[in-house]
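The values are calculated or read from the model by the stated rules, or taken from the named source; none is laboratory data. Every value quoted in this text rests on a predicted model; they were computed, and no experiment measured them. Glycine gets a Cβ as well: all are built from the backbone with ideal geometry, and neighbour counts include every protein chain shown.
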């Protein structure tokens, strides 16, 4: 168990008014890390803990949330602290009471996500690496999107799959697809947009009528990648897509790139969860080729 007295003192040192009698209570919501609720004088705190080895993941999450917050587009939980205490790493966020999403909140999410994507950089990547789930995600600044996606998204996942024993047809198709990537970008030059990076239905909610996004894997890349992820596992309704398109219409060819961008996440699930995703990855690559 974490040393609560020491961790709570870290929070006090960061300006969170934790009372002497406060004691973390376990809550649901931590698929990768343990999750806790801590009471403070200014409201509840959401605390995630893990081994010290997960510190960089928490630090990247904190920086990612701050990057998204600076866009002033979609609400994110405020970061209160992120640190290491002995053999425990932790991140503390403001506690948000989630409610059922409505058509109005989905519409607002579509509009706000388009606004967030309008925050751009000259190059693709980010100033630091982070994780997608538990998988390392490398984000070196790169001036060409096709090169970035080929090497640091598909290439990295395929190399990882090979190390895990997924060779043969998967690698052969992957090699062919990587060579053909420029075909999908004929006449299309994506901007380096600020991305959530892991925008599936479990990483957004509604609070006080407004959408909230969390658990990001932030970097700057083609905005279509965020939208492709929203369509992979569901959780987003028709009004969300209509609102996004009304705010910033997608470019021609985006339907062909949809499965290309979903492939990255399917390969990641293959590497994280095993052969149950192997057939889906093969099918996607055959369709794309």
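Would you pick out the residues in region 158-171 that are closer than 15 Å to residue 263 by Cβ and out of contact with any strand residue (DSSP E or B) (no Cβ under 8 Å at 6 or more places or on another chain)? Steps first, please.
Narrowing region 158-171 to residues closer than 15 Å to residue 263 by Cβ: 158-161, 166, 169-171.
Across region 158-171, the qualifying residues are 158, 159, 161, 166, 169, 170, 171.
Looking at 200, 204, which is the one that is under 25 Å from residue 76 (Cβ atoms) and out of contact with any strand residue (DSSP E or B) (no Cβ under 7 Å at 6 or more places or on another chain)?
200
Within region 8-31, does at least one residue satisfy the condition of being within 20 Å of the chain's Cα centre (by Cα), surrounded by fewer than 18 Cβ atoms within 10 Å (Cβ to Cβ), assigned to a helix (DSSP H, G or I) and not assigned by TED's automatic domain parsing to the domain that holds residue 212?
Checked against the condition, which is being within 20 Å of the chain's Cα centre (by Cα), surrounded by fewer than 18 Cβ atoms within 10 Å (Cβ to Cβ), assigned to a helix (DSSP H, G or I) and not assigned by TED's automatic domain parsing to the domain that holds residue 212, region 8-31 yields no hits at all.
Which residues, counting only those in region 226-253, are without any contact (Cβ under 8 Å) to a residue 40 or more places away in the chain and not in a helix (DSSP H, G or I)?
Answer for region 226-253, where residues must be without any contact (Cβ under 8 Å) to a residue 40 or more places away in the chain and not in a helix (DSSP H, G or I): 231, 232, 233, 234, 235, 249, 250.
Which one of these is in contact (Cβ under 8 Å) with a residue 60 or more places away in the chain and within 21 Å of residue 141 (Cβ to Cβ): 194, 177, 173? Break it down into steps so the answer makes sense when it comes.
Details: 177 fails: within 21 Å of residue 141 (Cβ to Cβ); 173 fails: within 21 Å of residue 141 (Cβ to Cβ).
Sole residue among the options that is in contact (Cβ under 8 Å) with a residue 60 or more places away in the chain and within 21 Å of residue 141 (Cβ to Cβ): 194.
Quick one: which strands (runs of 3 or more DSSP E) sit completely within region 157-225 and have at least 3 residues that are more than 26 Å from residue 129 (Cβ to Cβ) and under 23 Å from the mean Cα position of the chain (by Cα)?
204-207
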